[in-house]
Amino acid sequence: MQVAIVKYNAGNIYSVVNALRRLGVEPLLTDNAEELQRADRILFPGQGEASTTMAYIREHKLDEIIRSLKQPVLGICIGQQLLCRHSEEGDTDCIGIFPVDVKRFQPQRHEDKVPQMGWNSIYDLKTPLFEGIKEEEFIYNVHSFYVPENEFTIAKCDYIHPYSASMHKDNFYTCQFHPEKSGKVGAKIIENFLNLK
């Protein structure tokens with residue numbers, strides 16, 4: 001199986017490379033359209049700022065390539081957000097796979113810190129992406145922006161209020177959290193993604 005990771009100007013991609021290697025997979029890190037289209041699975045991970053990242057993606061026509069993909073694609077962290085329609089971060093139009101908008105967390109109480117950093121639990125799990133994962137398992141987060149609950153939500157998380165921890169539409173799956181930093185639970189989610197029919 002050929003697993004490709006979308007190469008672009010985002011941080012944290014190498015932790016995903018290492019997570020795949022721990023599962024016995026040597027991924028291809030590429031921004032080449034033909035290589036991405038040939039791959040069996042695509043991961044679109046990263047950390048970064050939406051407007052500068054989307055400017056890079058458009059300049060390299062990666063938005064067109066990503067929209068054309070037919071195999072399973074997993075967007076992680078900013079990868080989830082950039083697959084949405086629009087982000088409040090930099091008032092940015094994104095790739096538009098999911099017709100929903102990305103919002104900034106607004107603290108409601110003194111103890112609400114933004115960004116959300118650290119471990120939190122996921123629940124209301126749907127689809128084979130979460131096969132073998134129990135409700136309320138803990139996953140690792142680092143983010144100031146979130147996707148509200150919507151018709152594509154397949155896992156939820158609570159921070160200030162409930163939001164989409166994971167989404168699914170057609171061949172596109174997402175995780176707002178970092179499965180590559182979420183121990184055995186995260187490794188199982190990545191393995192499930194690789195094994196999707």
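The values are calculated or read from the model by the stated rules, or taken from the named source; none is laboratory data. None of these values were measured; they are calculated from a predicted model. Quick reminder, even Gly has a Cβ in these numbers, built from the backbone with ideal geometry, and neighbours come from all protein chains shown. In case anyone asks, the SASA skips ligands and DNA or RNA and just uses the protein heavy atoms, side chains included. Shrake-Rupley method; radii C 1.70, N 1.55, O 1.52, S 1.80 Å.
Give the number of residues within segment 51-77 that are part of a helix (DSSP H, G or I) and either under 16 Å from N171 (Cα atoms) or open to solvent by 10 Å² or more (accessible area, probe 1.4 Å) (or both).
12
Return the residues of segment 149-169 that are under 25 Å from P27 (Cα atoms) and either without any contact (Cβ under 8 Å) to a residue 24 or more places away in the chain or crowded, with 21+ Cβ neighbours inside 10 Å (or both); say none if nothing qualifies.
Hits for segment 149-169 are A165, S166, M167.
Restricting the search to segment 1-50, which residues are open to solvent by less than 50 Å² (accessible area, probe 1.4 Å) and part of a loop (DSSP other than H, G, I, E, B)?
If the condition is that a residue be open to solvent by less than 50 Å² (accessible area, probe 1.4 Å) and part of a loop (DSSP other than H, G, I, E, B), then Y8, A10, N12, V25, P27, A39, P45, G46, G48 are the ones that fit.
Given the criterion touching a residue at least 12 places away in the same chain (Cβ under 8 Å), among the polar types (S, T, N, Q), under 24 Å from Y159 (Cα atoms) and buried (at least 18 other Cβ atoms within 10 Å of the Cβ), identify the matching residue among Q80, Q108. Write out each step before concluding.
Values: Q108 fails: buried (at least 18 other Cβ atoms within 10 Å of the Cβ).
Going through Q80, Q108 in turn, just one is touching a residue at least 12 places away in the same chain (Cβ under 8 Å), among the polar types (S, T, N, Q), under 24 Å from Y159 (Cα atoms) and buried (at least 18 other Cβ atoms within 10 Å of the Cβ): Q80.
Restricting attention to segment 83-105, report how many residues are more than 10 Å from F145 (Cβ to Cβ), open to solvent by less than 10 Å² (accessible area, probe 1.4 Å) and part of a loop (DSSP other than H, G, I, E, B).
So the count comes out to 2.
Kindly indicate which of P99, P115 is closer than 18 Å to C175 by Cβ and touching a strand residue (DSSP E or B) at 6+ places or on another chain (Cβ under 8 Å).
P115
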